[in-house]
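Reading through the structure tokens given below for one structure.
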Amino acid sequence: MIKRFTKVISLSIALLYFGTVLQFCAAKKATIGGGTIAETFQSGMDYLEKENYLKSEETFTFIIYNDPGGAYADDAQFYLAETYFAKDEYLLAISEYDRLIRRMKNSSFVEEAFWRKAEAYCELSPDYRLERDMTDKALRYLFDFIEIYPDSKYRKGAEARVLEMREKLAKKSLETALLYNTLREYESAIFYYDSLIEEYSSTTLYASARLGRAEALVALERWDEAREMMNSIAVDGRNDLTPKEVVKLKSLGAKILENSEAVGN
């Protein structure tokens with residue numbers, strides 16, 4: 001008898017709890033979505049435009065969970081991701097873009113979500129002196145985007161971002177090479193210069209790497225290789241050097257010429 005009474009009490013409490021939850025959800029729906037879903041979505045867009053990100057996040061989330069198969073479900077999903085992107089919460093933005101790409105494959109937002117996901121990884125890419133993991137991820141998604149959407153209106157932007165990320169990686173290689181040069185570990189410096197020259201020839205640091213390599217070769221008295229490298233810079237890339245590097249170029253040229261004359265005598 002006592003057990004039965006306890007079960008009745010427990011069941012009553014459970015029903016009361018779920019009734020309260022349902023009332024709360026109904027009240028929340030009335031608060032956020034008092035009008036139509038279209039009107040609610042427009043409210044979310046207005047909040048986003050006014051940079052009221054807390055309200056836009058709340059509104060788009062409401063649509064996603066209360067009308068998941070509706071006409072505005074993918075719109076709300078995309079702009080929820082955009083809300084996080086606008087708040088610089090890039091990992092959350094990537095997660096929401098991914099959700100759209102995976103679950104709403106027929107949405108007109110898929111291409112843009114893919115592009116914005118790649119952009120979010122670019123924003124997460126740290127200073128060139130730090131770890132390169134996010135930079136590598138950004139490049140991977142940028143290349144994937146260009147391959148999947150070769151005719152996209154975002155292609156030029158993607159290509160510009162590729163150059164930006166590659167420039168960052170090239171700068172890391174150059175700084176490492178310069179460090180070894182300063183330490184007079186010239187063979188190690190040449191290794192990093194060669195890596196930059198081979199992998200990042202399209203960057204603005206290509207000429208700087210060749211000049212640095214020439215400098216290391218002069219220090220090692222590998223005159224023929226140094227002369228060949230200097231001729232290469234003179235033919236292609238001299239204009240990419242900074243004024244300070246041009247001074248260094250002339251100084252190295254004078255050393256190489258002096259050695260040539262000494263050998264000739």
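Consider the range 189-221. How many of its residues are within 13 Å of residue 241 (Cβ to Cβ) and of a type in the set (Asp, Glu)? Residues flagged as within 13 Å of residue 241 (Cβ to Cβ) and of a type in the set (Asp, Glu) within the range 189-221 amount to 1. Against the numbered list (1) under 30 Å from residue 137 (Cα atoms); (2) surrounded by fewer than 20 Cβ atoms within 10 Å (Cβ to Cβ); (3) touching a helix residue (DSSP H, G or I) at 6+ places or on another chain (Cβ under 6 Å), residue 179 comes up short only at (3). Of all the numbered requirements in (1) part of a loop (DSSP other than H, G, I, E, B); (2) hydrophobic (A, V, I, L, M, F, W, C); (3) over 25 Å from residue 167 (Cβ atoms), residue 76 misses one, and that requirement is (1). If only residues of the range 102-114 that are out of contact with any helix residue (DSSP H, G or I) (no Cβ under 6 Å at 6 or more places or on another chain) and part of a helix (DSSP H, G or I) are counted, the one that is surrounded by the most Cβ atoms within 10 Å (Cβ to Cβ) is 112. Taking the criterion of being more than 30 Å from residue 248 (Cβ to Cβ), touching a Ser or Thr at 6+ places or on another chain (Cβ under 6 Å) and either crowded, with 16+ Cβ neighbours inside 10 Å or in contact (Cβ under 8 Å) with a residue 40 or more places away in the chain (or both), would at least one residue in the range 134-145 satisfy it? Checked the range 134-145: at least one residue is more than 30 Å from residue 248 (Cβ to Cβ), touching a Ser or Thr at 6+ places or on another chain (Cβ under 6 Å) and either crowded, with 16+ Cβ neighbours inside 10 Å or in contact (Cβ under 8 Å) with a residue 40 or more places away in the chain (or both). On inspection, residue 56 qualifies as in contact with a Leu (Cβ under 8 Å, 6 or more places away or on another chain), under 29 Å from residue 35 (Cα atoms), of a type in the set (Gly, Ala, Ser) and part of a helix (DSSP H, G or I).
Looking at 210, 222 in this structure, which one is at pLDDT 90 or above and within 19 Å of residue 173 (Cβ to Cβ)?
Result of the check over 210, 222: 210.
When 160, 226 are screened for being part of a helix (DSSP H, G or I) and surrounded by 15 or more Cβ atoms within 10 Å (Cβ to Cβ), only 226 passes.
Return the residues of the range 115-153 that are in a loop (DSSP other than H, G, I, E, B) and under 16 Å from residue 100 (Cβ atoms); say none if nothing qualifies.
Residue satisfying the conditions is 149 alone.
Within the range 141-176, restricting attention to residues that are at pLDDT 95 or above and small (Gly, Ala, Ser), the residue that is farthest from residue 130 (Cα to Cα) is 152.
Residue-level check: of (1) over 30 Å from residue 214 (Cβ atoms); (2) in contact with a helix residue (DSSP H, G or I) (Cβ under 9 Å, 6 or more places away or on another chain), residue 173 misses just (1).
Figure legend. Inter-residue proximity from the range 193-208: first residues among the β-branched types (Val, Ile, Thr), second residues surrounded by fewer than 21 Cβ atoms within 10 Å (Cβ to Cβ) and assigned to a helix (DSSP H, G or I), beta-carbon distance below 6 Å, spacing 6+ or different chains. Indicated pairs: 203/166; 203/167.
The values are calculated or read from the model by the stated rules, or taken from the named source; none is laboratory data. This structure is a prediction, so every number in the text was calculated from the model and none was measured. Heads up, the Cβs are rebuilt from the backbone with ideal geometry, glycines too, and the neighbour counts pull from every protein chain shown.
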